[in-house]
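Below: one structure, written as structure tokens.
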Amino acid sequence: MTLPAEAGRHWILDLHGCPAGLLDDHDAIRDRLREVTDRFDLTLLGLQSHRFEPQGVTVVGLLAESHFSIHTWPETGFAAIDIFTCGRGDTLDEACRFLVEAFRAEESRLVRLSRGRTDADGRPLAPEPMTARSPVIGEDS
């Protein structure tokens with residue numbers, strides 16, 4: 001029997017208790033996304049961003065490996081970050097640690113999912129939390 005295949009890995013990171021000024025700094029958030037892609041061997045193909053009024057920022061990076069997004073709510077100190085990659089996922093835990101520190105989060109939660117899984121006959125399976133790894137940041141949910 002063949003082991004199930006996967007299309008990629010999806011890291012979902014919630015940051016809580018971040019300083020509002022960091023979460024509302026459009027240019028700094030774009031810089032953090034660029035820095036993560038450079039530092040952790042992801043290939044940035046393009047970048048789109050928007051600053052909302054009166055506050056909040058969304059930055060989406062198109063990666064050769066898939067995508068990376070950051071959405072912020074400065075008024076509550078919250079940032080939602082997604083990194084999906086069909087390439088190597090071995091540096092994503094380190095990338096998330098970097099983001100927790102960069103946004104000075106008081107608390108964080110990280111969920112790691114295996115996406116696009118199929119059984120031995122090629123039938124789709126639900127995304128599966130990657131529970132074999134111990135929590136790196138906060139608690140897995």
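Points to keep in mind about this one:
- Test result for His10, in contact with a Pro (Cβ under 9 Å, 6 or more places away or on another chain), within 30 Å of Asp119 (Cβ to Cβ) and touching a residue at least 12 places away in the same chain (Cβ under 8 Å): yes
- Selection status of Leu63, open to solvent by less than 10 Å² (accessible area, probe 1.4 Å) and either of a type in the set (Lys, Arg) or within 17 Å of Gly8 (Cα to Cα) (or both): yes
- Look at (1) of a type in the set (S, T, N, Q); (2) open to solvent by 10 Å² or more (accessible area, probe 1.4 Å); (3) without any contact (Cβ under 8 Å) to a residue 40 or more places away in the chain and you find that Thr118 fails only one, number (3).
- Residues in region 73-93 that are closer than 16 Å to Ile12 by Cβ and either out of contact with any strand residue (DSSP E or B) (no Cβ under 9 Å at 6 or more places or on another chain) or open to solvent by less than 10 Å² (accessible area, probe 1.4 Å) (or both): Ala79, Ile81, Ile83, Thr85, Gly89, Leu92.
The values are calculated or read from the model by the stated rules, or taken from the named source; none is laboratory data. Quick caveat, the model's predicted, so the values are computed rather than measured. Every residue, glycine as well, gets a Cβ built from its backbone with ideal geometry; the counts of neighbours run over all protein chains shown. SASA here: full protein model, heavy atoms, side chains in, ligands and nucleic acids out. Shrake-Rupley method; radii C 1.70, N 1.55, O 1.52, S 1.80 Å.
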